[in-house]
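Report on the structure given below.
The values are calculated or read from the model by the stated rules, or taken from the named source; none is laboratory data. What you are looking at is a predicted structure, and each value in this text was computed from that prediction instead of being measured. Positions of Cβ are generated from backbone atoms using ideal geometry, with glycine treated the same way; all protein chains shown enter the neighbour counts.
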Amino acid sequence: MSQRRKFIKQSLMGSAFFIPGLNQAFARVPTEFSAGQKPLILSTWNHGIPANEAAMAKLTGGGSILDAVEAGVKVTELDLDNLSVGLQGLPDREGITTLDASIMTGDGSCGTVAFVRQIKHPISLARMVMEKTPHVMLVGEGARQFAISQGFPLEEEILSPNAAIEYQKWKVTSQYKPIINIENHDTIGMIGIDSNGKLAGSCTTSGLAYKMHGRVGDSPIIGAGLFVDDEVGAATATGLGESIIRICGSFLIVELMRQGRTPQEACEEAVKRLIAKNKNIKDIQAGFLAINKEGETGAFAVHPGFNFAKATSSKNELIDSRSHFTL
């Protein structure tokens with residue numbers, strides 16, 4: 001992968017000495033061929049800004065990249081203004097909030113929980129699954145029992161004030177339209193690389209608003225909502241989980257990078273695959289983020305409106321992603 005890009009760079013630079021004007025052309029090579037950055041944190045949507053701040057503080061304070069991606073999304077899990085992550089998120093059709101989360105490191109270690117109730121930090125529970133059990137995923141009542149055994153307190157099962165208001169509005173028609181778009185997005189996915197090139201990622205959500213009770217999206221599915229490999233890079237996804245599961249989106253991006261694609265090229269190809277495999281694409285929003293082992297990044301979405309937060313040791317900024325369809 002890196003050799004391919006080095007070859008392209010060297011070929012262009014070498015030719016510039018012999019072809020007039022090529023030095024100016026080389027200056028306009030797309031950013032995916034520019035030098036990467038380490039350490040680096042990427043996370044989905046504008047709630048990624050405070051999450052990145054916490055993640056980078058943990059990393060620069062001596063924590064591992066795994067510690068960083070856990071600490072970062074825990075901020076979003078507690079954000080009472082966020083209706084798509086944490087126990088304050090919008091409920092399912094029965095009025096019950098259920099949570100999904102996953103965490104992974106570049107050596108293949110991973111843990112996930114799905115359809116969990118009454119747990120404030122499902123991302124920390126997912127890490128416990130990874131570190132304290134021989135399993136990758138625990139779900140439902142089994143995940144809750146494991147949480148209790150590990151000392152997690154059970155929170156009162158009551159909707160947050162904002163979620164309760166929105167749920168009562170929805171009940172007027174109880175119209176079941178699982179649409180994810182700019183007004184109704186979900187998830188925070190976070191991926192990061194430390195100064196030594198170690199990678200990790202996390203993903204946590206309350207899932208699709210007013211979903212069928214028991215529905216699980218892409219966020220806790222390793223390879224769909226999140227995938228990390230120290231030899232290649234990392235990717236995470238956000239949007240309508242069913243559409244992302246159908247193409248194993250995050251795994252696909254990492255494998256495309258393994259084959260030599262840049263992070264940007266890999267994200268764009270994943271969106272093309274998603275569009276090809278899903279009907280009613282006008283009602284489906286999905287976006288992907290990627291980092292390769294050099295610290296180069298990529299982002300792409302189906303429709304306009306997807307943004308992401310990018311943090312280095314000196315800057316934390318919100319960036320609008322490009323998309324397949326434009327306004």
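Could you say whether any residue in segment 186-197 is closer than 25 Å to Ile65 by Cβ, charged (D, E, K, R) and part of a loop (DSSP other than H, G, I, E, B)? Among the residues of segment 186-197, at least one is closer than 25 Å to Ile65 by Cβ, charged (D, E, K, R) and part of a loop (DSSP other than H, G, I, E, B), which makes the answer yes. Scanning segment 198-252 for residues that are over 20 Å from Val69 (Cα atoms), surrounded by 24 or more Cβ atoms within 10 Å (Cβ to Cβ) and hydroxyl-bearing (Ser, Thr, Tyr) yields a single hit, Ser243.
Of all the listed residues (Gly106, Gly111, Gly189), the sole one being closer than 28 Å to Ile291 by Cα and touching a Cys at 6+ places or on another chain (Cβ under 8 Å) is Gly189. The requirement of being part of a strand (DSSP E or B) and at negative phi is satisfied by Thr204.
Selection within segment 154-185: residues that are modelled with pLDDT of 95 or more and assigned to a loop (DSSP other than H, G, I, E, B). The member of this set that is surrounded by the fewest Cβ atoms within 10 Å (Cβ to Cβ) is Glu156. Set side by side, the residues Leu78, Leu40 differ, and just one is within 18 Å of Thr105 (Cβ to Cβ) and either out of contact with any helix residue (DSSP H, G or I) (no Cβ under 9 Å at 6 or more places or on another chain) or crowded, with 22+ Cβ neighbours inside 10 Å (or both), which is Leu40.
Here's the yes/no breakdown for (1) at pLDDT 95 or above; (2) crowded, with 23+ Cβ neighbours inside 10 Å; (3) among the polar types (S, T, N, Q); (4) within 23 Å of Gly287 (Cβ to Cβ):
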residue	(1), (2), (3), (4)
Lys9	no, no, no, no
Ala25	no, no, no, no
Glu32	no, no, no, yes
Ala35	no, no, no, no
Ala57	yes, no, no, no
Asp100	yes, yes, no, yes
Gly111	yes, yes, no, no
Ile119	yes, yes, no, no
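Filtering Gly217, Gly295, Gly305, Gly260 for residues that are assigned to a loop (DSSP other than H, G, I, E, B) and either of a type in the set (A, V, I, L, M, F, W, C) or at pLDDT below 95 (or both) leaves a single hit, Gly305.
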